[in-house]
Amino acid sequence: MEQNKKQDPSDDNIPDPDDIRERFPIEDDSDTLEPFDDQSEHREINADDPKDMAFWATQFQISHEELHAAMALTGNSVRAIKKYLSI
């Protein structure tokens, strides 16, 4: 016996993915992208300098107390604090 397959009428409107890739190729631009090197990540925060503490607290959008706590847990490396804060 032949099975009656119900076809969804919307199946006719689904394009073939291979046809799409062929018609609309994606250009590889990896050779034109420059690596992002954030020089500030290699810095250390000077806990004795109120201006430096205020600057980094503002950059991280945290209070001075939270910055002190993060520095107590991770050290004064900007990269380590960013990692700790998940920034």
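General remarks:
- Inter-label distance, nm, simple model (7 Å from Cα along the C-beta direction), Asn46/His68: 1.9 nm
- Length released on extending from Ala54 to Glu22, taking residue separation times 0.36 nm less the Cα-Cα span: 6.1 nm
- Built from the Cα atoms of segment 43-87, the convex hull projects on average onto 2.6 nm², one quarter of its surface area.
Every number here is computed from the coordinates shown, using simple stated rules; none is lab data. Remember, it's a predicted structure, so these values are computed and weren't measured experimentally. With ideal geometry, Cβ positions are generated from the backbone for all residues, glycine too; neighbour counts draw on all protein chains shown.
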